[in-house]
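Trainee: This structure is in C-alpha cells; I'll ask about it shortly.
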Amino acid sequence: MKITRRQIEFLSKFLKLCSDANGYIHYTDLAEKLGVSKYTAYDMLRLLERKELVSHKYVLGYKRGKGRSKVLFYPFPKARELLIELLGEDIENKKWRDFKELMLKEVGEGRKKSYSKLLKRISKKADGVVRPMEYCTYYMMSLFIEIKKIKNEFLKTKLIKNLKKFRKKSKFKISSLVAMILGTFQLDEDLDIDNELFLNDFLIYEKYLNEMSSNSRDELDSFVDKIFSKLFA
C-alpha cells in the first residue's frame, strides 16, 4: 500500500482522537482538533477510506443533536496495524493499560468507602463508551457490585461460591457467566435493580464479546477475573 508521510501523520492523529472519543469522530470535530478546514479533514478521511484504513457510519442524534443523522468516521483495525508497523505506535494498547489501572484503583477505593458510590461512578463512566473491552469490563463490574448488594445472604453466598467454582474448575470463562448472575438477581425480591436496563446492556455486551478476537477475549477475561478476585477475596 502506498501512503504518504502526510497521510501517516493524519492517520496517527485521527486514531488518537478516535480513541479519546470512544471510537468515532465527526469530520468537523476532527478538523477543529487538528487546526485544518473541515473540507481538508473530510477529503483526507475519504482518501484513507479508499485505502481501506477508515470507514464511516451514520448516527442519529450525535452530541444530543436532532434532525438529520451525522456521518462519523472510525478506523479499521488495519490502520492500527499499519501505524504499529511504520511508527511503532499502539494507541489502543496504551489506552487499555491506562483503563485497567484506573479500574483497579476504583475497586480499591470502593473497598475502602462505598460500593454504592462505586456503582454510580462506574455507570457514569460507562455511559456512551463504545470501546468493546472497556464496555464489557464496566458491565461485568456493575454485575459484581450488584452481587455485593444482594440482601439474601444464602443466595449471595451460593452465587459467589458457584462463580468461584466455575472460574477455577471448569472451562467456562467468568465473563461468560452473566446468565447465572442475572438469574440469581431475579430470586432476590429485595434487590432493587433495573432488570430491563441490565438485559438491554447485556445485548450490547454479548455483541461486543462475540466480535472480539480470541486473544482479546482472553485478555478481557483475565482482567475481569482479577477484578472478581479483588472484590470477593
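Trainee: Suppose each label sits 7 Å from its Cα in the direction of the beta carbon; what would the Lys226-Ile3 distance come out to in nanometres?
Mentor: Placing both labels 7 Å beyond Cα along the Cβ direction yields 2.9 nm.
Trainee: Here is a further query. For the stretch 5-87, would you read off the P(r) tail past 22 Å as a percentage of all alpha carbon pairs? Numbers along the way, then the final one.
Mentor: Working: 667 of 3403 pairs.
Result for the distance tail: 20 percent.
Trainee: While we're on this one: Once fully extended, how much extra length lies between Leu17 and Arg97, figured as 0.36 nm per residue of separation less the alpha-carbon to alpha-carbon distance?
Mentor: Gain on extension, Leu17 to Arg97, equals 27.1 nm.
Trainee: A further question on this structure: Which entries in the list Lys120/Lys226; Lys100/Lys164; Lys120/Lys151; Lys2/Lys70; Lys57/Lys120 go over 26 Å, if you measure between the two C-alpha atoms of each?
Mentor: Correct reply: Lys2/Lys70; Lys57/Lys120.
Every number in this text was worked out from the coordinates using simple rules, so none of it is lab data. The structure presented is a predicted model; accordingly, all values stated were derived computationally and were not measured. No Cβ is skipped: glycine too gets one built from the backbone with ideal geometry, and neighbour counts run over all protein chains shown.
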